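Just below is one structure, and these are the notes that go with it.
Read-outs: derived from the displayed coordinates by stated rules, not from any lab. Bear in mind that the values here come from a model prediction, so they are computed numbers and not experimental data. Glycine gets a Cβ as well: all are built from the backbone with ideal geometry, and neighbour counts include every protein chain shown.
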Amino acid sequence: MFEDFEQQNGFESEEPTNIIEKIFDGIEDFFGISDSDEATPEDMFEYLESIDPNYTYEKVELPNGVIRESVVWESTSDVGNDAYSLYNIEEATDAWHVQEYSDSCAVACQEFILEEYTGKEFDEEDLVICAVENGWIDEVNGGTPLEDVGKVLEYHGIDTTTDYDADFQDLENALNNGDRAIVAVYNMGLDNDYEGFYPAWSANHAVEVIGIDKSNPADVKVIVNDPGVEDGCGKVIDYDVFMNAWNTSDGFMMVADRP
């Protein structure tokens, strides 16, 4: 949530405890002051509100007497602000199951979204048959071509948007809107036991992204429904691991608009 502010002010934060100081540094021009020490908490609050009215400033005295100051960005969406409840994680995981076919990951992910959005049960095999009949599965090479990811959703009345070079902010924006996203990844790259980028590999798998946990800004996690593994329900993946796997598709993302 601090990323938007950081990008607008040209700095990057490594430790959340430095945010207040860096915000003070960034408002000198706004108030025409030469020393950031002159900036008060009220100044900071005013500056944040001028950028985005969803920013609020909180000052709390802890039981041990320590004063904790924090900046909070409050979403205007209907889905809340908690790192997990923001994305209705439980609703998304209710629909998860292991894919029935070796190449039906994208169809399975679309099934997850259909069941969550509509409250109805769908059969993956029926959806696969629908995809095959409409040419949305490559019967020669197997799997769903990127341009056809989302076609099963659209067939059932769910609007989708496809982005072939999305970044992490695009993904977070989609989730903040209450939508679900399917991304193309290199499946081995999602394993936390593997490290590094995979330039020799291309994406070969699809997962549904259902949440981002930024409760610790220094250790961001991405939460996915991965139909390809037994432990894929609400699987928590380190940010760097996720990005390395996702980068193999150059940032392919399909967003399903929540009705």
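When you filter the chymotrypsin sites (Phe, Trp or Tyr not before Pro) in the range 151-259 for DSSP loop state and at most 16 other Cβ atoms inside 10 Å of their Cβ, you are left with Y164, Y194, F197, W201.
Annotation: average projected area of the range 85-256 is 9.3 square nanometres, based on the convex hull of Cα atoms across all directions. Counted residue by residue at 0.36 nm each, then reduced by the alpha carbon distance between them, the extension gain from D138 to A218 reaches 24.7 nm.
Couplings 3J(HN,Hα) of the range 91-103, computed from phi: 4, 6, 6, 4, 8, 5, 7, 6, 4, 7, 10, 5, 10 Hz, in residue order, whole Hz [Karplus 6.51 cos²θ - 1.76 cosθ + 1.60, θ = phi - 60°; x for Gly and Pro].
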